[in-house]
Amino acid sequence: MILLKEQQKISQVLSSADQEIETLQQKLNFLKEEKKALMQQLLTGKRRVKLDD
């Protein structure tokens, strides 16, 4: 009995970790796409970088 409960708790922890990894992977993919879009805007001159003097 104790072994089964322990396995269930371990399973829950691993499931939570998997969900967090998936969420972070989605955020990373979004940020990579955003970076790609910004780089494209910089290359085409649609966006300029302001430098502080």
For this session: Excluding Ser16 itself, calculate the net charge of residues whose Cβ lies under 14 Å from the Cβ of Ser16, where each Lys or Arg counts +1 and each Asp or Glu counts -1.
Result: -2
Exercise. Among all lysine pairs in the chain that are eight or more places apart or on different chains, how many have alpha carbons less than 29 angstrom apart?
Worked result: 11
For this session: Hand me the trypsin sites (Lys or Arg not before Pro) from the chain located in a DSSP loop with no more than 10 other Cβ atoms within 10 Å, in residue order please.
Result: Lys46, Arg48, Lys50
Problem set entry | Net charge dipole size for the chain [Lys, Arg +1 and Asp, Glu -1 on Cβ; Debye, nearest 20] | 320 debye
For this session: Please determine, in degrees from 0 to 90 and to the nearest 10, the orientation of helix 2-44 with respect to the longest principal axis defined by the Cα atoms of the chain, where the helix direction is its Cα long axis.
Result: 10 degrees
Exercise. Among Gln25, Ala37, Gln12, whose Cα sits farthest toward the positive end of the charge dipole of the chain (+1 at Cβ of Lys/Arg, -1 at Cβ of Asp/Glu, about the Cα centre)?
Worked result: Ala37
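Every number in this text was worked out from the coordinates using simple rules, so none of it is lab data. Because the structure is a prediction, the values reported are computed rather than measured. Methodologically, a virtual Cβ is constructed for each residue, glycine included, from the backbone with ideal geometry; neighbour enumeration extends over all protein chains shown.
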